[in-house]
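Take a look at the structure below.
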């Protein structure tokens, strides 16, 4: 018949071991003997019915064009039953960069901000990589519309130039300039992404290549359009 001597393993409070000894040994142990040790570990598991879903990163503004100077906010969206207040870990190109709330903002984007971004919750749920590509082709941001269209204008005719920028904030400085010349018309706009320049009666010397530039004063970045050609010809004398 066997008797048990029970003990708790050191530094493991939930581990209980039983040493099985022959009854014939009594209270005195011989110099050497063999016996069996049986251990039980008490493990507590918290089981919830919460559905695990990988986080998804979204970007604001929601546009495929991101340029130097843009303000960008990445959001770690977690669709779970209970998120609660938790920290989020942000990675760029698999390297830890920031710990914050569920949003991560780049105030003024640079080329070096391009890369693959991931977010991770406190419990280890990690999103797929979100590729952020910051472009430097600033001319794609500013467009020019001429009226009349095409840039072919009769002497004495009225010319309307519309300069538009796809994004911007604060005070925007619009300029309508002749290429290779310091001759620029300047206008300021607050809260508008568009400006109009009017020439009531064009002259032949107005012919040339022109561009529109927009300066975002809050980030000191200048955006320029592609050049447009304006040709002024004399009045048609045919009846």
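Just need a number here: residues in the stretch 100-148 that are assigned to a loop (DSSP other than H, G, I, E, B) and either without any contact (Cβ under 8 Å) to a residue 60 or more places away in the chain or out of contact with any helix residue (DSSP H, G or I) (no Cβ under 7 Å at 6 or more places or on another chain) (or both). It would help to see each step written out before you state the result.
From the stretch 100-148, those assigned to a loop (DSSP other than H, G, I, E, B) are 101-102, 107-110, 114, 122-125, 127-129, 133, 136-137, 148; that's our starting set.
The next check asks that each one be either without any contact (Cβ under 8 Å) to a residue 60 or more places away in the chain or out of contact with any helix residue (DSSP H, G or I) (no Cβ under 7 Å at 6 or more places or on another chain) (or both); those that pass are 101-102, 107-110, 114, 122-125, 127-129, 133, 137, 148.
Residues flagged as assigned to a loop (DSSP other than H, G, I, E, B) and either without any contact (Cβ under 8 Å) to a residue 60 or more places away in the chain or out of contact with any helix residue (DSSP H, G or I) (no Cβ under 7 Å at 6 or more places or on another chain) (or both) within the stretch 100-148 amount to 17.
Do the conditions hold for residue 97, that is, is it without any contact (Cβ under 8 Å) to a residue 12 or more places away in the chain and under 20 Å from residue 70 (Cα atoms)? Spell out the reasoning first.
Values: without any contact (Cβ under 8 Å) to a residue 12 or more places away in the chain: yes; under 20 Å from residue 70 (Cα atoms): yes.
Judged against the criteria, residue 97 is a match.
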- Task: Could you please find all residues in the stretch 84-102 being surrounded by 12 or more Cβ atoms within 10 Å (Cβ to Cβ) and either under 12 Å from residue 55 (Cα atoms) or at pLDDT 90 or above (or both)?
- Result: 88, 89, 90, 91, 92, 102
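Residue by residue, here is whether (1) in contact with a strand residue (DSSP E or B) (Cβ under 9 Å, 6 or more places away or on another chain); (2) modelled with pLDDT under 85; (3) assigned to a strand (DSSP E or B); (4) under 24 Å from residue 157 (Cα atoms) holds:
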{"residue": "198", "(1), (2), (3), (4)": "yes, no, yes, yes"}
{"residue": "202", "(1), (2), (3), (4)": "yes, no, no, yes"}
{"residue": "205", "(1), (2), (3), (4)": "yes, no, no, yes"}
{"residue": "209", "(1), (2), (3), (4)": "yes, no, yes, yes"}
{"residue": "222", "(1), (2), (3), (4)": "yes, yes, yes, no"}
{"residue": "229", "(1), (2), (3), (4)": "yes, no, yes, yes"}
{"residue": "237", "(1), (2), (3), (4)": "no, yes, no, yes"}
- Within the stretch 173-194, is there a residue that is surrounded by fewer than 13 Cβ atoms within 10 Å (Cβ to Cβ), at pLDDT 90 or above and assigned to a strand (DSSP E or B)? no
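Does at least one position in the stretch 65-82 carry a residue that is surrounded by 12 or more Cβ atoms within 10 Å (Cβ to Cβ), over 20 Å from the mean Cα position of the chain (by Cα) and modelled with pLDDT under 85?
Just the residues of the stretch 65-82 that are surrounded by 12 or more Cβ atoms within 10 Å (Cβ to Cβ), to begin with: 65-78, 80.
Subsequent filtering for residues that are over 20 Å from the mean Cα position of the chain (by Cα) retains 80.
Remaining after also requiring modelled with pLDDT under 85: 80.
Yes, the stretch 65-82 contains a residue that is surrounded by 12 or more Cβ atoms within 10 Å (Cβ to Cβ), over 20 Å from the mean Cα position of the chain (by Cα) and modelled with pLDDT under 85.
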- Query: Restricted to the stretch 109-123, and to residues that are within 16 Å of residue 85 (Cβ to Cβ) and surrounded by fewer than 17 Cβ atoms within 10 Å (Cβ to Cβ), which residue is nearest to the chain's Cα centre (by Cα)?
  - Reply: 122
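The values are calculated or read from the model by the stated rules, or taken from the named source; none is laboratory data. It should be emphasised that the depicted structure is a prediction, and the values quoted were computed from it without experimental measurement. No Cβ is skipped: glycine too gets one built from the backbone with ideal geometry, and neighbour counts run over all protein chains shown.
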